[in-house]
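Take a look at the structure below.
The values are calculated or read from the model by the stated rules, or taken from the named source; none is laboratory data. Since the model is a prediction, treat every value here as computed from it, not as a measurement. Note that each Cβ is placed from the backbone with ideal geometry, even for glycine, and that neighbours are counted across all protein chains shown. Accessible surface is based on the protein model in full, side chains and every heavy atom, while ligands, DNA and RNA are left aside. Shrake-Rupley method; radii C 1.70, N 1.55, O 1.52, S 1.80 Å.
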Amino acid sequence: MTTTPEGVSLGMPQLPAPAYPDDVRARLEADAREIIARYPDSRSALLPLLHLVQSEEGHVTRTGQQFCANMLGLTTAEVAAVATFYSMYRRKPSGDYQVGVCTNTLCAVMGGDAIFAALQDHLGVGNGETTDDGKVTLEHIECNAACDFAPVVMVNWEFFDNQTVDSAKRLVDDLREGAQVEPTRGAPLCTFKDTARILAGFPDEREGAVEAGGSAGPASLIGLRLAKGETQPARVVHPRGEDPQNERPSGPAAEEGE
Amino acid sequence: MTLAPELNETSPEKLLVPVLSAFWDEDESWTLDVYRRHEGYEGLRKALAMSPDDLIAYVKDSGLRGRGGAGFPTGMKWQFIPQGDGKPHYLVVNADESEPGTCKDIPLLFANPHSLIEGIVIACYAIRSSHAFIYLRGEVVPVLRRLHEAVREAYAAGYLGENILGSGLDLQLTVHAGAGAYICGEETALLDSLEGRRGQPRLRPPFPAVAGLYACPTVVNNVESIASVPAILHKGKEWFRSMGSEKSPGFTLYSLSGHVASPGQYEAPLGITLRQLLDMSGGMRPGHRLKFWTPGGSSTPMFTDEHLDVPLDYEGVGAAGSMLGTKALQCFDETTCVVRAVTRWTEFYAHESCGKCTPCREGTYWLVQLLRDIEAGKGVMSDLDKLNDIADNINGKSFCALGDGAASPIFSSLKYFREEYEQHITGRGCPFDPAKSTAWADRTEVNA
């Protein structure tokens, strides 16, 4: 919160941003036209278009903003005003994996603060910084609507539920080593750029991506199981790497259900 | 599995009523096939057999109230849309679930997206809209995938597109991913955001029903509100009214989180109490007791163990001095420092304040400065009145409810836990050990 604004210069105005190479521009223009066609008013396409340019370069560059402005008939100032308002648009080169530790009150209290501190120490980076290998950008995030799975870590906006300090460290180690990492809810991780393309509104075409993670996480099912007369489950804790399916409360139910 | 012969008041079979969550435990619950197997899109058939005005009246009669926090009657919102005005009408579903503690719409959309889509088609038929939008917060890609797929399936099956089920209704549905801004959960900020602008609230009137998206009549409804409509149509308004109370009828999702034995989603008639929910689910984590909790997210004034028997419906929670909000029951035990909790929430509001209104923008900033000092043992007693004073200057003095939400934890924590603030000041620091509050604090072995 005490970071200095970037790109602030009181000297000569910047020259216009360079355009995308022709082949890139042609490809992005086709995507952009598809996005714009979804809306009655073209300006509504601005947020998805910013996700789109982020899927090209990994962050929102001046070139990307110029592209959006051209496509929508806006000024670059109008685009920049929007791009700098929303926290999901990255404004500098960043890692393949955006690791966000929830440190809003509930997750923080449940261990998010400890996880965030441990990861900063483990990775040697501060909030919003990227590891030297360009793999991991670490940040703390606000409530991500998974409080019943606290403490929560998000990687490229997939859920890693019920984390501990150790599981979070293993997670970032795996990411840096290039191991295939699977979230507790969500699809096997793709890079930040690929994720940004889904956010622009282009469905994930990978086989099995929609199915991945099952119908619902264990906490989502607790009330339903109780309502069906199934015995109350034991404390649900499933560190990353274990299959949540195995932790369904079949054991206790069989014992006490008679 | 045998059931006890008599079900007492704490039996979950009697107290819970899974409707939206009824088949989340089935394989591929998010697919059209499974949804149809559970009488999906039957409510739509009934709706299309009615006239749009009758449909609005029916939903109004059911008593369904908004599940996004404010509790405004859903049917009345639909009725406010002027008809025959020659302008396009829009339905915008608020899926920007970001209120701290709130975690109901995301699992609902992950496991059962078709309930929302069916509700959207019904609502659009009622308000005569041919284009609807789902504004989903961007930070939940697994849910976005399922929505993309569910919308594709619905188009392919003829529930979206042209001449839906031969009714003459044409409807286009656009899934729109946001980009990270709590304020966009506020309906007019959401509309600005959907128009491709910074998400800043608008002055009302005009209300969205008159001048919403693109200055056209627009209904903005929460995910759970719209997703509840198909069941009301299919099973009847009398069935719906048989649950809950006269003024707060129906079922809803309660989200239990924090230091409880079994955090998760509990679907129950409105009016259940936290005591009942805790009794059936194993209570607080072993060896600990409830200290404070929120009935509906961080923006709703906190409660203590005095309030365990407050009926969790709109009137009950209101009468006890808070708001039902999003039914996000965040429970904290005696290991938790209330100053730390409130400081963190306040940092959140300061971060998320859009900056449009001075009282909120400046006030939240100064609240954070004071709270951080108090938490660090650098506060003075007069800071406590200053906190109250600043919160009072934010509350009700900005365009939207974000400022009111920021004031809530301040007012309520000072009301119930002023002594704890004073302890931080006189004791020159925080008397709590944060390690004791963690999820793993009491775990003797971690099989990670």
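Please get the size of the charge dipole for the protein assembly as shown, origin at its Cα centre, with Cβ charges of +1 on Lys and Arg and -1 on Asp and Glu, quoted in debye to the nearest 20.
Once rounded to the nearest 20, the dipole reads 1640 debye.
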Out of A:32, A:216, A:17, a Gaussian network model of chain A with alpha-carbon springs under 10 Å gives the largest mean-square fluctuation to A:216
Using only C-alpha positions, report the orientation-averaged shadow area of the convex hull of the stretch B:179-334, nm², one decimal.
11.2
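Rounded to the nearest 500, what is chain A's calculated 222 nm mean residue ellipticity when only DSSP H runs of at least 4 contribute -39500 (n - 2.57) each, over all residues? Walk me through the numbers on the way to the answer.
On the way: 9 runs with 92 residues, N = 258.
When only DSSP H runs of four or more count, the value is -10500 deg cm²/dmol.
Restricting to bridges with both residues inside the protein assembly as shown, how much of the DSSP beta-bridge set is antiparallel, in percent to the nearest 5? Walk me through the intermediate numbers first.
Details: 25 of 52 bridges.
Once the DSSP bridges in the protein assembly as shown are tallied, antiparallel ones form about 50 percent.
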Zero-based 10 Å bins, Cα pair distances in the protein assembly as shown, whole percents
3, 15, 26, 28, 19, 7, 1, 0, 0
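Which three semi-axes in whole Å describe the equivalent ellipsoid of the stretch B:337-391, each the square root of 5 times a Cα gyration tensor eigenvalue, listed largest first?
On the way: eigenvalues 74, 33, 12 Å².
They are 19, 13, 8 Å, listed from largest to smallest.
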Going down the list B:60/B:247; A:92/A:169; A:169/B:104, which pairs span over 21 Å between their C-alpha atoms?
A:92/A:169; A:169/B:104
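With the cut-off at 28 Å, tell me which of the pairs B:291/B:327; B:356/B:436; B:235/B:291 have Cα atoms farther apart than that. Before the final figure, lay out the partial values.
Numbers: B:291/B:327 18 Å; B:356/B:436 39 Å; B:235/B:291 40 Å.
The pairs that break the limit, which is 28 Å between Cα atoms, are B:356/B:436; B:235/B:291.
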At q = 0.12, 0.13, 0.15, 0.21 Å⁻¹, what log₁₀ I(q)/I(0) does a Debye calculation on the Cα points of the stretch A:97-190 give, no solvent, two decimals?
-0.30, -0.35, -0.47, -0.97
In percent, how large is the relative contact order of chain B, given Cα pairs closer than 8 Å and 6 or more residues apart?
15
Per DSSP H run of at least 4 residues, take -39500 (n - 2.57); add these up for chain B, divide by its residues and hand me the 222 nm value, nearest 500 deg cm²/dmol.
-12500 deg cm²/dmol
Along each principal axis, Cα extent of the stretch A:44-143, largest first, Å
47, 31, 17
Which percent, to the nearest 5, of DSSP beta bridges fully inside chain A are antiparallel?
60
So how exposed is residue B:306, as accessible area in Å² (1.4 Å probe, rounded to 10)?
140
Just tell me how shielded B:213-219 is by partners: mean number of partner chain Cβ atoms within 10 Å of each residue's Cβ, no decimals.
1
Return the whole-Å distance between the Cα centroid of the stretch A:131-157 and the Cα centroid of the stretch A:106-128.
10
0 to 90° range, to nearest 10: angle between helix A:46-57 axis and chain A longest Cα axis
90
Cα centroid separation, the stretch B:97-160 to the stretch B:39-72 (Å)
16
Kindly give the semi-axes, whole Å and largest first, of the ellipsoid equivalent to the stretch B:18-76, taking each as the square root of 5 times a Cα gyration tensor eigenvalue.
26, 17, 7
Could you bin all the Cα-Cα distances of chain A into 10 Å bins starting at 0 and give me the percent of pairs in each, rounded to whole numbers?
6, 26, 29, 22, 11, 4, 1, 0, 0
Pairs of alpha-carbon atoms within less than 8 angstrom and 6+ residues apart define the contacts here; what relative contact order does the stretch A:22-83 have, in percent?
25
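How much of the DSSP bridge set in the stretch A:60-199 is antiparallel, in percent, rounded to the nearest 5? Spell out each step's value before the answer.
Values: 9 of 15 bridges.
Given both bridge residues lie in the stretch A:60-199, the antiparallel proportion sits at roughly 60 percent.
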Show the residues, 5+ positions off or on another chain, whose built amide H is closer than 5 Å to the amide H of residue B:291.
B:332, B:333, B:334
Carbon/sulfur accessible area of the stretch A:22-83, % of total, 1.4 Å probe, equals 46
Give me the angle, in degrees from 0 to 90, between the Cα long axis of helix B:358-375 and the longest principal axis of the Cα atoms of chain B, rounded to the nearest 10.
40
Could you give me the ³J(HN,Hα) list for the stretch B:428-439, computed from phi with Karplus coefficients 6.51, -1.76, 1.60 and θ = phi - 60°, whole Hz, x at Gly and Pro?
6, x, 8, x, 9, 9, x, 4, 6, 8, 5, 4
Centre separation in Å (Cα based) which lies between the stretch B:380-414 and the stretch B:196-244
29
In degrees between 0 and 90, to the nearest 10, how far off the longest principal axis of chain B does helix B:338-352 point, with axes built from Cα atoms?
50
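Could you check how many percent of all C-alpha pairs in the stretch B:51-189 are farther apart than 21 Å? Display every interim value, and only then the final one.
Numbers: 4233 of 9591 pairs.
Looking at the stretch B:51-189, the distances longer than 21 Å represent 44 percent of pairs.
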For chain B, evaluate the Debye formula with one uniform point scatterer on each Cα (no solvent term) and list log10 I(q)/I(0) at q = 0.12 Å⁻¹, rounded to two decimals.
-1.04
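Take the Cα gyration tensor of the stretch A:22-83, multiply each eigenvalue by 5, square-root it, and list the three semi-axes largest first, rounded to whole angstrom. Could you put the intermediate results ahead of the total?
Details: eigenvalues 46, 42, 20 Å².
Listed largest to smallest, the semi-axes of the stretch A:22-83 are 15, 14, 10 Å.
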